[in-house]
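The values are calculated or read from the model by the stated rules, or taken from the named source; none is laboratory data. Bear in mind that the values here come from a model prediction, so they are computed numbers and not experimental data. Backbone-built Cβ (ideal geometry, glycine too); neighbour counts: all protein chains shown. Ligands, DNA and RNA are excluded from the accessible area calculation, which covers all protein heavy atoms including side chains. Shrake-Rupley method; radii C 1.70, N 1.55, O 1.52, S 1.80 Å.
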Amino acid sequence: MADPSSYRPKPGQIPDSPGVYKFRDEHRRVIYVGKAKNLRQRVANYFQDLAGLHPRTRTMVTTAASVEWTVVSTEVEALQLEYSWIKEFDPRFNVKYRDDKSYPYLAVTLNEEFPRVQVMRGAKKKGVRYFGPYGHAWAIRETVDLMLRVFPVRTCSAGVFKNAARTGRPCLLGYIGKCSAPCVGRVTPEEHRELAEDFCDFMAGRTGTYIRRLEKDMMQAAEEMEYERAARLRDDAEALKRAMEKSAVVLADATDADLIAVAEDELEAALQIFHVRGGRVRGQRGWVTDKVEAVDTSGLVEHALQQLYGEERGDAVPKEVLVPALPEDAEAVSQWLAERRGSQVSLRIPQRGDKKDLMVTVQRNAQQALGLHKTKRASDLTTRSRALEEIAEALGLDTAPLRIECYDISHLQGDDVVASMVVFEDGLARKSEYRRFQIKGFEGQDDVRSMHEVIGRRFKRYLQDKERTGEWEETPETAPATTGPAPATTGPAPAPATTGPAPAPAATGPVPAPALTAASPDDEPREDDGRPKRFAYPPQLVVVDGGQPQVAAAKRALDELGIDDIAVCGLAKRLEEVWLPDDDDPVVLPRSSEGLYLLQRVRDEAHRFAITYQRAKRAKRIRSSPLDDVTGLGETRKQALVKHFGSVKKLRQATIDEICEVPGIGRRTAESVAAALASTAPAAPAVNTATGEIIEEDDGGSS
């Protein structure tokens, strides 16, 4: 526990202007970000008597080791910078709303030549018009099905669209009138885009214009005795009315507004948002958060507004935002919202009428969401806690392993050997911490040596991070051990580790572990900028997928690095036995044990992550071509060569002069291509196993 007085700024050192401040811990990680109208007054509040601070604030300032600040010109700039830093650094003591599901949106891809209407989840894309979010995807599909009668916009995927264009036949929706079939040229791109824009206008709330237009056309058709057309227009108008009825009118003045309600207790808060467009509820979503900082309702609202509109522009920010409590600096927040919308935004508390009644409904939803979340959380937390306690008891650990790392090796008959590292914190997967590795120290299949390399490389990086922060000083007692079998190498010896002086290699002693290359570039040190380091956090428990040999290899790697405070175990698939280092007999957990179930989940996740990466590498290798080795030959010219000759096989048979005939291919490049193909033996012919027929290579792009 740090003493805040040890890093308290000197009197007069902090400016009294607007700005944003951040607290860092002893590892230089940013743990809290805040903003202030007056930095001097706000930051000084954190350094008063600890007894007078809120318990959460007291925990934060005693965890921190330094504080720094950035001065800005206006309070709006401070609000924007605070949001950017919270998003960038993900501080542990800032309120962060989370959701247990990805809400579906109705999306219109206006960034395509022929816009498509579809259901989308996840991050928003540029050039796509979104409506929602909705509680259920089926609600979107029912609405779209009704509206396609009037606005027959394309809904098919790119593959179906291209296939219809190639064959000249539209899909079923084109035949039944629910698609204008731009794939076969029934409408021009301009006409189809106009349909898509009309669809968007209707979804945005401008509904009366289209219904009145349909009714007018219907009456005109009836007067002209075109009764079939009049009946069709009547049905279209009824379809639009049914689509509108699915979202009842809640505000009679056709208001565009977002209503935000908060339900909270001492530890958690739930947030509900109703999106009202054209007086109708067009979407709903909910978030929950742990109150990791001392924050009241106005603070929760401010954090919610930042997260809700931080990435939005234009009409995605409504004209009116109704909240249960105004943020501390409501004027700056309103100005920030107005800048994002491009016009004035009203931020206020509803006082009377329909808007206040609707806010009561939103508040009721927030209360129900908080109650449901606490019920689920209690059940999940109890189970996870019991699982971690059982693991600690079975393995003889002093404390529950709050961070578990699991490693698995994957290959196909010794080729494309890769490894995975998955992380579980507090019994939950932490996917942002997952890592994957390529093993290049030796050829062939040897899971034990591979495991030794993976563990050695991962924790060597951990020691490097500790050395950079001054936490690790190598002594003779902590220097990496130089005993043990030496893994064979097939290439030059790697450079010595940067964690201390390396012992001189003896003729009979071990050589350094072969280099292990991570799939992402994590060999370069990263600056101490507050972002989480790739391997900076040590686990309390290392789990390996395997039995006694793999466990012994992992333990040996840790011993060689002088690390003795991390527990190691292995989980064998055959009987689900837990193996510990230096034990001849496994630990057998009951089949109904929550601890065993958690270890199985961790092991299975590591296996899934490893095999996914291994299959991707294998597929990439199979798709490789001898042309990949030609220096200076890019993808465009490779495709031009294969297209010109029809296949790599025919290209291999071509002369240099014939290769030079391909546009963009000079003589020197042609000679390099011919040399590369000549040095590569043609692949064995493929055989159809059903008929025994040899399949000639006619149109392949590789050999």
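How many residues does segment 149-164 contain that are aliphatic (A, V, I, L, M) and open to solvent by 60 Å² or more (accessible area, probe 1.4 Å)?
1
Show the residue pairs that are 6+ apart or on different chains and have beta-carbon atoms under 7 Å apart, the first residue being within segment 111-132 and on the phi > 0 side of the Ramachandran plot, the second being surrounded by fewer than 19 Cβ atoms within 10 Å (Cβ to Cβ).
That search, which allows pairs on different chains as well, returns G122/S102; G127/L110; G127/N111; G132/Y103.
Search segment 146-157 for residues that are within 15 Å of E113 (Cβ to Cβ) and modelled with pLDDT under 85 and pair each with any residue that is assigned to a loop (DSSP other than H, G, I, E, B) and not hydrophobic (A, V, I, L, M, F, W, C) when their beta-carbon atoms are under 7 Å apart and the residues are at least 6 apart or on different chains.
Partner pairs satisfying both residue conditions: none exist.
Of the conditions (1) modelled with pLDDT under 80; (2) crowded, with 19+ Cβ neighbours inside 10 Å; (3) outside any loop (DSSP other than H, G, I, E, B), E467 fails just one. Which one is it?
For E467, the exception is condition (2).
Can you pull out the residues in segment 554-579 that are in a loop (DSSP other than H, G, I, E, B), open to solvent by less than 40 Å² (accessible area, probe 1.4 Å) and of a type in the set (D, E, K, R)?
Across segment 554-579, the qualifying residue is only E576.
Would you mind finding the one in V295, V262 that is of a type in the set (A, V, I, L, M), under 18 Å from A325 (Cα atoms), modelled with pLDDT of 85 or more and out of contact with any Cys (no Cβ under 7 Å at 6 or more places or on another chain)?
Of V295, V262, the one residue that is of a type in the set (A, V, I, L, M), under 18 Å from A325 (Cα atoms), modelled with pLDDT of 85 or more and out of contact with any Cys (no Cβ under 7 Å at 6 or more places or on another chain) is V262.
Hey, among G122, G127, which residue is part of a loop (DSSP other than H, G, I, E, B), at pLDDT 85 or above, among the small types (G, A, S) and farther than 21 Å from G278 by Cα?
G127
What number of residues within segment 182-191 satisfy the criterion of being open to solvent by less than 60 Å² (accessible area, probe 1.4 Å), touching a residue at least 12 places away in the same chain (Cβ under 8 Å) and within 17 Å of V160 (Cα to Cα)?
3
State which residue pairs qualify: first residue closer than 17 Å to A64 by Cβ and inside segment 41-53, second residue in a helix (DSSP H, G or I) in any location, beta carbons under 6 Å apart, and separation of 6 or more residues or different chains.
Y46/V61; F47/P4; L50/R58
Going through segment 258-285 one residue at a time, which ones are within 19 Å of N94 (Cα to Cα) and either touching a residue at least 40 places away in the same chain (Cβ under 8 Å) or crowded, with 21+ Cβ neighbours inside 10 Å (or both)?
V262, A263, E264, D265, E268, A269, A270, L271
Can you list residue pairs whose Cβ atoms sit under 6 Å apart, with the first residue in segment 199-211 being outside any helix (DSSP H, G or I) and the second being at pLDDT 70 or above and small (G, A, S)? Count only pairs 6 or more apart in sequence or on different chains.
G205/G278
Hey, does segment 581-592 have a residue that's closer than 16 Å to L541 by Cα, touching a Leu at 6+ places or on another chain (Cβ under 8 Å) and not β-branched (V, I, T)?
Within segment 581-592, none of the residues are closer than 16 Å to L541 by Cα, touching a Leu at 6+ places or on another chain (Cβ under 8 Å) and not β-branched (V, I, T).
Could you pull out the residue among S17, S5, S66, S73 that is in a strand (DSSP E or B), touching a residue at least 40 places away in the same chain (Cβ under 8 Å) and open to solvent by 20 Å² or more (accessible area, probe 1.4 Å)?
Residue meeting the stated conditions: S66.
Name, by its number, the condition in (1) assigned to a loop (DSSP other than H, G, I, E, B); (2) of a type in the set (D, E); (3) closer than 28 Å to D380 by Cβ that does not hold for D582.
(3)
Looking only at segment 167-211, how many residues end up being of a type in the set (K, R) and modelled with pLDDT under 90?
2
Any idea which residue in segment 599-654 is surrounded by the fewest Cβ atoms within 10 Å (Cβ to Cβ), counting only those that are of a type in the set (D, E) and at pLDDT 80 or above?
The extreme case among them is D604.
Filter segment 20-53 for residues that are more than 37 Å from the chain's Cα centre (by Cα) and assigned to a loop (DSSP other than H, G, I, E, B); which is surrounded by the most Cβ atoms within 10 Å (Cβ to Cβ)?
Q48
Scanning segment 321-367 for residues that are in a helix (DSSP H, G or I) and of a type in the set (G, A, S), which turns out farthest from Q306 (Cα to Cα)?
Ranking the candidates gives G353 first.
Tally time: how many residues in segment 275-301 are charged (D, E, K, R), part of a strand (DSSP E or B) and more than 22 Å from K319 (Cα to Cα)?
Adding up the residues that qualify gives 1.
Do we find a residue being assigned to a loop (DSSP other than H, G, I, E, B) and either over 24 Å from the mean Cα position of the chain (by Cα) or touching a residue at least 24 places away in the same chain (Cβ under 8 Å) (or both) anywhere in segment 80-90?
For segment 80-90, residues assigned to a loop (DSSP other than H, G, I, E, B) and either over 24 Å from the mean Cα position of the chain (by Cα) or touching a residue at least 24 places away in the same chain (Cβ under 8 Å) (or both): present.
In this structure, does Q351 turn out to be closer than 30 Å to M120 by Cβ and of a type in the set (S, T, N, Q)?
The answer is no for Q351.
Within segment 86-96, does at least one residue satisfy the condition of being open to solvent by less than 20 Å² (accessible area, probe 1.4 Å) and touching a Pro at 6+ places or on another chain (Cβ under 9 Å)?
Yes - at least one qualifying residue is present in segment 86-96.
Among the residues in segment 378-388, are any in a strand (DSSP E or B), of a type outside the set (K, R) and surrounded by 15 or more Cβ atoms within 10 Å (Cβ to Cβ)?
no
Listed here are the residues, each with its yes/no results for (1) open to solvent by less than 50 Å² (accessible area, probe 1.4 Å); (2) within 24 Å of M120 (Cβ to Cβ); (3) of a type in the set (S, T, N, Q).
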| residue | (1), (2), (3) |
| --- | --- |
| E302 | yes, no, no |
| Y309 | yes, yes, no |
| D315 | no, yes, no |
| K319 | no, no, no |
| Q344 | no, no, yes |
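V71 passes all but one of (1) out of contact with any Pro (no Cβ under 8 Å at 6 or more places or on another chain); (2) more than 30 Å from E433 (Cα to Cα); (3) among the β-branched types (V, I, T); which number fails?
Unmet condition: (1).
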